[in-house]
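J.: Below: one structure in structure tokens.
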Amino acid sequence: MNLADIVQRGWDAVGAGDFDALVADYVEDMTFIMPGQTDVLEGRQAFRDALNGLGDILPPGFEIKGLRQIEGNNEVVSIIEWKSGKVTDSQLAVLFKFNSDKIYEERWFVDTEQWKNSF
């Protein structure tokens with residue numbers, strides 16, 4: 001299985017609400033950097049706990065309209081086309097860094113002003 005397939009499996013798990021399956025592809029001491037690059041979660045359990053409040057983290061009405069993976073050397077970038085109640089069309093990127101076949105860092109890149117205004 002290539003790295004892009006692992007990332008896609010994670011997005012599928014999120015869509016199914018199977019967060020335990022999602023976090024299985026992360027190392028124990030992983031890092032999650034949220035939009036704005038100032039909020040950081042350290043460790044798989046902290047990441048898993050945060051997923052229980054996923055609805056509070058995403059803008060109201062958040063919906064993924066399109067998703068594609070770009071694989072590089074030990075990393076994958078997801079390009080996400082999304083909309084929400086206040087945003088009709090936008091994109092964001094998520095960088096996944098790998099150690100072997102496990103993710104050790106997930107970092108979201110988003111227009112932070114647009115993101116804040118979408119709540």
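J.: Quick one: which of ILE64, ILE103 is part of a strand (DSSP E or B), crowded, with 16+ Cβ neighbours inside 10 Å and within 13 Å of the chain's Cα centre (by Cα)? Spell out the reasoning first.
T.: Numbers: ILE64 fails: crowded, with 16+ Cβ neighbours inside 10 Å.
Exactly one of ILE64, ILE103 is part of a strand (DSSP E or B), crowded, with 16+ Cβ neighbours inside 10 Å and within 13 Å of the chain's Cα centre (by Cα), namely ILE103.
J.: Pick out the one residue from SER84, SER90, SER78 that is among the hydroxyl-bearing types (Ser, Thr, Tyr) and either under 12 Å from the mean Cα position of the chain (by Cα) or more than 13 Å from VAL110 (Cβ to Cβ) (or both).
T.: On the way: SER84 fails: either under 12 Å from the mean Cα position of the chain (by Cα) or more than 13 Å from VAL110 (Cβ to Cβ) (or both); SER90 fails: either under 12 Å from the mean Cα position of the chain (by Cα) or more than 13 Å from VAL110 (Cβ to Cβ) (or both).
From the options SER84, SER90, SER78, the qualifying one is SER78.
J.: Going through ASP56, ASP20 one at a time, which residue ends up being within 22 Å of TRP115 (Cα to Cα), acidic (Asp, Glu) and part of a helix (DSSP H, G or I)?
T.: Working: ASP20 fails: within 22 Å of TRP115 (Cα to Cα).
So the residue among ASP56, ASP20 that is within 22 Å of TRP115 (Cα to Cα), acidic (Asp, Glu) and part of a helix (DSSP H, G or I) is ASP56.
J.: Here's another thing I want to ask about it. What pairs come up if the first residue lies in region 72-94 and is farther than 16 Å from THR112 by Cα, the second is crowded, with 17+ Cβ neighbours inside 10 Å and among the β-branched types (Val, Ile, Thr), and their beta carbons are under 8 Å apart, counting only those six or more places apart or on different chains?
T.: Short answer, once both residue conditions are applied: VAL76/ILE6; VAL76/VAL7; VAL77/VAL94; SER78/VAL7; SER78/VAL94.
J.: Within region 79-94, can you find the residues that are buried (at least 16 other Cβ atoms within 10 Å of the Cβ) and either of a type in the set (A, V, I, L, M, F, W, C) or touching a Phe, Trp or Tyr at 6+ places or on another chain (Cβ under 7 Å) (or both)? Give the steps one after another, and end with the answer.
T.: Of the residues in region 79-94, the ones buried (at least 16 other Cβ atoms within 10 Å of the Cβ) are 80, 82-84, 87, 90, 92, 94.
Across region 79-94, the qualifying residues are ILE80, TRP82, SER84, VAL87, SER90, LEU92, VAL94.
J.: Can you work out which of the residues in region 1-22 that are among the small types (Gly, Ala, Ser) and in contact with a Phe, Trp or Tyr (Cβ under 9 Å, 6 or more places away or on another chain) is surrounded by the fewest Cβ atoms within 10 Å (Cβ to Cβ)?
T.: We begin by selecting, within region 1-22, every residue among the small types (Gly, Ala, Ser); these are 4, 10, 13, 15-17, 21.
Next cut, in contact with a Phe, Trp or Tyr (Cβ under 9 Å, 6 or more places away or on another chain) only: 10, 13.
Details: GLY10: 24, ALA13: 18.
For region 1-22, the residue satisfying everything is ALA13.
J.: Can you name every residue in region 67-95 that is touching a Lys or Arg at 6+ places or on another chain (Cβ under 8 Å) and assigned to a strand (DSSP E or B)?
T.: Kept after step one, since they are touching a Lys or Arg at 6+ places or on another chain (Cβ under 8 Å), are these residues of region 67-95: 74-75, 78-79, 81-83, 89-90, 94-95.
Selection gives GLU75, SER78, ILE79, GLU81, TRP82, LYS83, SER90, VAL94, LEU95.
J.: So, in region 1-53, of the ones that are without any contact (Cβ under 8 Å) to a residue 60 or more places away in the chain and among the polar types (S, T, N, Q), which residue ends up farthest from ASN73 (Cα to Cα)?
T.: Per the stated criteria, the residue is ASN52.
J.: Under 17 Å from TYR104 (Cα atoms), surrounded by fewer than 12 Cβ atoms within 10 Å (Cβ to Cβ) and modelled with pLDDT of 95 or more: which single residue out of ASP29, ASP25 fits that description?
T.: So the residue among ASP29, ASP25 that is under 17 Å from TYR104 (Cα atoms), surrounded by fewer than 12 Cβ atoms within 10 Å (Cβ to Cβ) and modelled with pLDDT of 95 or more is ASP29.
The values are calculated or read from the model by the stated rules, or taken from the named source; none is laboratory data. Computed from a predicted structure; not experimentally measured. So basically every Cβ, Gly included, is an ideal-geometry build from the backbone, and we count neighbours across all protein chains shown.
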